[in-house]
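The values are calculated or read from the model by the stated rules, or taken from the named source; none is laboratory data. Nothing here was measured: the structure is a model prediction, and the numbers come from that model. Cβ atoms come from the backbone with ideal geometry, glycine included; neighbour counts cover every protein chain shown. Ligands, DNA and RNA are excluded from the accessible area calculation, which covers all protein heavy atoms including side chains. Shrake-Rupley method; radii C 1.70, N 1.55, O 1.52, S 1.80 Å.
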Amino acid sequence: MSVFSSEEFTTRLQSVQQRMAERGWSALVVADPANLYYLTGYNAWSFYVPQCAVVPAEGGVHLFLRAMDAHGAAHTAVLPDDRIHAYPEDLVHRPDIHPYDDIAAQCRELNIFVDNPDVVVAMELDAHFLSVRGFQAVQRAIPRTRIVDSEELVNWVRLVKSPAEQDELRAAGAVADRAMTVALEGVRSGRRECDVVADIQSAQTISVGGVGGDYPAFVPLLPTGDSADTPHLTWTDRVLRRGEATTIELAGVRNRYHAPLARTVCLGPPSAKLLDCAKATNEGMEAALGSMKPGAAGADVHAAFTDVIAAHGLSKESRIGYSVGIGFPPDWGERTVSLRAGEETVLAPGMAFHVILGMWMDGWAYELSESVLVTEHLPEPLTSRPRQLIVNE
């Protein structure tokens, strides 16, 4: 059963359908598993095969799943049985026919899809789990209907979190805190990277104080030594050595809501350049967080950080943050607002961001991040780890 009320799901659906009406869409095909979860509560590791929700202009959401997954969908989805639909098992991994052929045919039978040149159907054409073959199958089923990109409509509806969602993010922050505490204590000379990650993954899941963790959309990231200059590396079985710095990026997760967190550990005395970079970045974080008030644009937050590090002779080309909330592999970001130059989206209470300041240099790096909720005043950090370079032996 979902942790959210039926009233919350009704509000979510109404918000999506209102925006669909403004665009004149008759139906919306939702393939992003985070959006399926947001609209229906459905939560399973089944996104490796075709699945989707279809939102009609009026009425309830319909969920389409592989037969074996549809059988158990009622365990998590908040939909009645007559709106959970299965496609046959023998359609999985076939070169001659696709599950979306069956899904589209069912939608036509249900009158959700109508083949008419005056009708517009939107699809999440940039979702990770909607394939070209899936799109082509829908196109074959309604050849005269205009199909358009949804442009992440549901993701944008998700941007401002309800009070219940904010509570899930706070719980995720508590999980992130304990996972990072274990990680920072575990990075020691002579230990293997894989052993540190084993500790982290246990801490991300184990129940503490009545709060158990969920699996993250990303595995823990642990670039070490020379490889720390490259983000998004995972881990090896090599031994950690004195004189190296390790950047750690992980997330606490509670009921699919993510609170990412990053810190840097140096084994032994840090170099002068690492200390200087850490000082500048830490100051930049304070400036960025201080600018995250309702009415500020994403570009204002980016400028607050870049102005500070420029005074230290540093620069950063990539964005410094992005909106977060529900996450499924392969990403915990919402794919909406980025904190970067030119971002015009205005911050509002209830938005959540991962402010990540990765300074990836030549053969070394410093990484610092915070997950925060935008409030009426200053942002609320979801975690409580000190913002500093950690030095271990």
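Just a few scattered comments:
- Residues (assigned to a helix (DSSP H, G or I) and surrounded by fewer than 18 Cβ atoms within 10 Å (Cβ to Cβ)) located in segment 85-105: E89, D90, A105
- Scanning segment 227-237 for residues that are touching a helix residue (DSSP H, G or I) at 6+ places or on another chain (Cβ under 6 Å) and over 21 Å from P330 (Cα atoms) yields one hit, D237.
- Every pair of residues 6+ apart whose Cβ atoms lie under 7 Å, when the first sits in segment 5-33 and is free of Cβ contacts under 8 Å to residues at least 60 places away in the same chain while the second is β-branched (V, I, T): L13/V61; Q17/V55
- Residue check for D82: part of a helix (DSSP H, G or I) and loosely packed, with under 14 Cβ neighbours inside 10 Å: yes
- Test for A73: is it in contact (Cβ under 8 Å) with a residue 12 or more places away in the chain, open to solvent by less than 20 Å² (accessible area, probe 1.4 Å), in a helix (DSSP H, G or I) and at negative phi: yes
- Residues that are of a type outside the set (A, V, I, L, M, F, W, C), in contact with a Leu (Cβ under 9 Å, 6 or more places away or on another chain) and without any contact (Cβ under 8 Å) to a residue 24 or more places away in the chain, drawn from segment 38-70: S46
- Meets criteria (open to solvent by 40 Å² or more (accessible area, probe 1.4 Å) and among the hydroxyl-bearing types (S, T, Y)) for S46: no
- Filtering segment 135-163 to residues that are among the aromatic types (F, W, Y) and touching a Gly at 6+ places or on another chain (Cβ under 6 Å) leaves nothing.
- For segment 65-72, the criterion of being among the charged types (D, E, K, R) and either within 23 Å of R256 (Cβ to Cβ) or touching a Gly at 6+ places or on another chain (Cβ under 6 Å) (or both) is met by at least one residue.
Residue by residue, here is whether (1) among the acidic types (D, E); (2) closer than 14 Å to A251 by Cα; (3) touching a residue at least 40 places away in the same chain (Cβ under 8 Å); (4) touching a helix residue (DSSP H, G or I) at 6+ places or on another chain (Cβ under 9 Å) holds:
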| position | (1), (2), (3), (4) |
| --- | --- |
| T345 | no, no, yes, yes |
| V355 | no, yes, yes, yes |
| W360 | no, no, yes, yes |
| Y366 | no, no, yes, yes |
| E370 | yes, yes, yes, yes |
| L378 | no, no, yes, yes |
| R385 | no, yes, yes, yes |
| V391 | no, no, yes, no |
